[in-house]
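Working notes, structure below.
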Amino acid sequence: MIIILKNGTPKPRVEDICALLEKKYGVNTHPIFGSESTIIGLVGDTSLIPVAEVEMIEEAERVLKVQEPYKRANRKFHPDNTTVEVGANRIGDKRVVVCAGPCAVESEDQILVIADAVKRIGATMLRGGAFKPRTSPYAFQGLKAEGLLYLKKVRQTTGLPVVSEITNPAQVDMFMDFVDVIQVGARNMQNFELLKELGQIRKPILLKRGFSNSIRELLMSAEYIMSGGNTEVILCERGIRTFETSTRNTLDISAIPVLKSLTHLPVFVDPSHAAGHAALVEPLAMAAVAAGADGLEIEVHHDPLRALSDGPQALTPPIFEALMKKLAAVAQAVGREL
Ligand code: PEP
Ligand code: MN
């Protein structure tokens, strides 16, 4: 349920109303002081609360039942876009943020060389997996803690905030220290124990859509994190499974405007895992920006042939540089900047 308050309702009065609602109905309240209006979101079992009773509050302009099961992620609860600050980036604001780097951290030299290159070209965040969830147990599993250490070092030398994927709730303490954004990969989007742990911390989460999950399920996973109190969630479309085999996954471009209408959270797109081929990354990245993505996560490797994972979809630095130029033009065409 949400209560839209009359314009100009003073803050102390909003707090009084929240206290009254919590006491009377045993729900949690979330007042949002937006640019246009003040809204109180009610979370908990609101099914038995009579709308007519709530409408008796003098300052209530309108009372609405929220049908969707996601509440804190719902745009109805929070009409303004949420921005998530990561270093100097304000994700969800006018500037489209590009996070680039290798699929996996392979050595200290490798991550340093790639970080320097993507920074020079204009990326403002660095990606690199240390714990790699691979389909095959015989494939490279990542450098694990050693990889995180290299990321931390590179963060110090380049100043780039780093993003890395967590695979297990036991890793949370380590990630708190080593990375700026914790990525939840497609395979763990519904690892609810992990999501609950991530709700308890205060660090931005990049939540990737599972390849067989609906948009609603993605939002429910965001809700798991947010209901714990961690509201800094960035969603990421990375392609879904379809019958089509010419791409690794099918990039669901429509997920971008759909998410933008349903939620206030920023939306990233990962064209690399959607495409599976370097040659397809450019058009998908441009389409994502044109469709309203707030940021991109792109795999870049200085030597894709020797990459220990996902070489075929990695852009070399010169190709990434050419893409960034095109992205700047697309961003400008749709009223954004890069
Ligand atoms: C990744 O970003 O390294 C990754 C494994 O992506 P996804 O979880 O989307 O497959
Ligand atoms: Mn990868």
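Points to keep in mind about this one:
- Lone qualifier among A60, A52 - being open to solvent by 50 Å² or more (accessible area, probe 1.4 Å), out of contact with any Cys (no Cβ under 6 Å at 6 or more places or on another chain) and of a type in the set (G, A, S): A52
For every residue, the table says whether it meets (1) part of a strand (DSSP E or B); (2) in contact (Cβ under 8 Å) with a residue 40 or more places away in the chain; (3) charged (D, E, K, R).
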| residue | (1), (2), (3) |
| --- | --- |
| I4 | yes, yes, no |
| G8 | no, no, no |
| D16 | no, no, yes |
| L20 | no, no, no |
| K24 | no, no, yes |
| H30 | yes, yes, no |
| I39 | yes, yes, no |
| A52 | no, no, no |
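- Residue match in segment 104-114 (condition: touching a helix residue (DSSP H, G or I) at 6+ places or on another chain (Cβ under 6 Å), part of a strand (DSSP E or B) and under 18 Å from C236 (Cβ atoms)): no
- Yes/no for G44 being on the phi > 0 side of the Ramachandran plot and assigned by TED's automatic domain parsing to the domain that holds R120: no
- Qualifying residue in segment 66-80 (condition: surrounded by fewer than 16 Cβ atoms within 10 Å (Cβ to Cβ), polar (S, T, N, Q) and at pLDDT below 95): yes
- If the condition is being among the β-branched types (V, I, T) and either within 16 Å of ligand 2 (Cβ to nearest atom) or part of a helix (DSSP H, G or I) (or both), then segment 182-212 contributes only V184.
- Tallying residues that are among the polar types (S, T, N, Q) and either more than 14 Å from ligand 1 (Cβ to nearest atom) or not in a helix (DSSP H, G or I) (or both) within segment 255-275 yields 2.
- Of the residues examined, A279 is not one that is touching a residue at least 12 places away in the same chain (Cβ under 8 Å), in the same structural domain as G239 (by TED's automatic domain parsing), surrounded by fewer than 24 Cβ atoms within 10 Å (Cβ to Cβ) and hydrophobic (A, V, I, L, M, F, W, C).
The values are calculated or read from the model by the stated rules, or taken from the named source; none is laboratory data. Here the structure is a predicted model, which means the values were calculated and not measured. With ideal geometry, Cβ positions are generated from the backbone for all residues, glycine too; neighbour counts draw on all protein chains shown. Ligands, DNA and RNA are excluded from the accessible area calculation, which covers all protein heavy atoms including side chains. Shrake-Rupley method; radii C 1.70, N 1.55, O 1.52, S 1.80 Å.
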